[in-house]
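Before any comments, here is the structure.
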Amino acid sequence: MKRRLFFLLVLLLLFFSACEREPMTETFPATATLTVEKEDIATFEVPTAEVEIPASSSIPEITTTVPVPTSHVHNMKERSRISATCSSPGEIVFRCDCGEGRTEALPILSHTVISATCLQGSFCSTCGSKLSDPLGHHIVSRGCDRCDYEIKSPVYVLGKELDFDEKAESIRAKLGAPTESLYEGDMVSLVYASDLSAFTVIQTDGDGLWGLFTIDPEARLCLREEPITIANFSGADDPNSDAFYQDAGSCRIFGFRDGMDGGTYYGLWMRYSECRYDYIEDDRIFFDFYAQNRLSFYFTNALRARHGLAPLTWSGEAAQVAVEYSTYMLENDFFDHDGSYGDRLRQKGILWQYAGENISQGYFNSFFVTDAYYNSRDHRENLLSSNFSRVGIGHCRKADGSTVFGAQIFYG
């Protein structure tokens, strides 16, 4: 065993020598002596065999083969899908058998638009989403020029037709709930003021439609071959108001005009010719004038809306001040401002930064008196002032019904 180890050692030494030197042709001696000298240790002699290495001999090359991994081609398969809609994106999830995966986004779909009509807004036929409001009828003369709609009733207002025999219940069914219903005896005024640009009051009694006030620009009063509208109204001066009037069959129609803005008409009031409906001669009008005061309030806000101003809020305390001052003028038989409206507001516990007052005498109803304020420069400044946020309105009349006084009290 020791001899074999020795030969292996010699071979290794020869291998390393061959890597660094020229090939050797010499012959090693047949014997070699390995001497270890140490006290008390014997000398050993290791016999060796003669080894001859040819000059051309070489050490065999040792090669090692390392396995190279082959490339993997993913085989992606669809595992799940969320379809895209008109309102949300979708996605597809792919997975390979090896576990790798990816997700592909699906973009939101475009709406499939069904165009709007006069009565129906546009919508998506895929998801059903509403995309726009109905166009509404575009009324020319007695009908719509976008569809086959034709006005057959005598009145067209707020997009609906009304007949002369309409009662309050029927009007509410057609136009919806009013902003306020104001009762005076057997007469009711249905106020539609949610959209002040089309402010409308429909007045009806036990016999049916009694009157109609509106600034709805699409309103049509089909009382003759060519409907009467705000745009085509023309009439004579009314001797009892600042309005104008024309007769059409059994009806009288008043037109309200902005005398400070080119003289254009902005509203109509229709009533039966035989009906007076004023503060003085109609016994159904209550002496407290609450309904008339409220109608004047809504009309005032509609006029402010024409000028882009915020509506005023009703003040019961200011309304009481207005009634008291109207009564004071009536009882003392004078008509003028006394400058005390600010003090009267403070006496009601109202703190104000700005205050103003309009007064009137002899106007027959809320529409006439409010229009008169609007067409008087000083009164118009109060009515359209941005400094005011609240208003109270009050009227009173003499017991014999000979005259009426009124006041608007503003503050902010």
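The values are calculated or read from the model by the stated rules, or taken from the named source; none is laboratory data. The model shown is predicted, which means the values in this text are computed figures rather than measured ones. Ideal geometry is used to build each Cβ from the backbone, glycine not excepted, and the neighbour counts take in all protein chains shown. Only protein heavy atoms, including side chains, enter the accessible area calculation; ligands, DNA and RNA are left aside. Shrake-Rupley method; radii C 1.70, N 1.55, O 1.52, S 1.80 Å.
Let's see how each residue does on (1) assigned to a strand (DSSP E or B); (2) at pLDDT 90 or above; (3) open to solvent by less than 100 Å² (accessible area, probe 1.4 Å); (4) within 30 Å of residue 124 (Cβ to Cβ):
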| residue | (1), (2), (3), (4) |
| --- | --- |
| 51 | no, no, yes, no |
| 56 | no, no, no, no |
| 63 | no, no, no, no |
| 69 | no, no, no, no |
| 74 | no, no, yes, no |
| 86 | no, no, yes, yes |
| 91 | yes, yes, yes, yes |
| 97 | no, no, no, no |
| 104 | yes, yes, yes, yes |
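The residue that is most open to solvent (accessible area, probe 1.4 Å), counting only those in the stretch 138-151 that are touching a residue at least 60 places away in the same chain (Cβ under 8 Å) and not hydroxyl-bearing (Ser, Thr, Tyr), is 142. If we scan the stretch 294-309, do we find a residue that is open to solvent by less than 10 Å² (accessible area, probe 1.4 Å), at pLDDT 95 or above and aromatic (Phe, Trp, Tyr)? Yes, the stretch 294-309 contains a residue that is open to solvent by less than 10 Å² (accessible area, probe 1.4 Å), at pLDDT 95 or above and aromatic (Phe, Trp, Tyr). Restricted to the stretch 154-186, and to residues there that are among the polar types (S, T, N, Q) and either more than 25 Å from residue 223 (Cβ to Cβ) or part of a strand (DSSP E or B) (or both), the residue that is most open to solvent (accessible area, probe 1.4 Å) is 179. Annotation: of all residues in the stretch 132-160 being modelled with pLDDT of 90 or more and among the aliphatic types (A, V, I, L, M), the one that is nearest to the chain's Cα centre (by Cα) is 135. Given the structure, is residue 230 at pLDDT 90 or above, among the hydrophobic types (A, V, I, L, M, F, W, C) and surrounded by 19 or more Cβ atoms within 10 Å (Cβ to Cβ)? It is true that residue 230 is at pLDDT 90 or above, among the hydrophobic types (A, V, I, L, M, F, W, C) and surrounded by 19 or more Cβ atoms within 10 Å (Cβ to Cβ). For residue 189, are the conditions met, namely being open to solvent by 20 Å² or more (accessible area, probe 1.4 Å), under 21 Å from residue 290 (Cβ atoms) and under 33 Å from the mean Cα position of the chain (by Cα)? Against the criterion (open to solvent by 20 Å² or more (accessible area, probe 1.4 Å), under 21 Å from residue 290 (Cβ atoms) and under 33 Å from the mean Cα position of the chain (by Cα)), residue 189 does not qualify.
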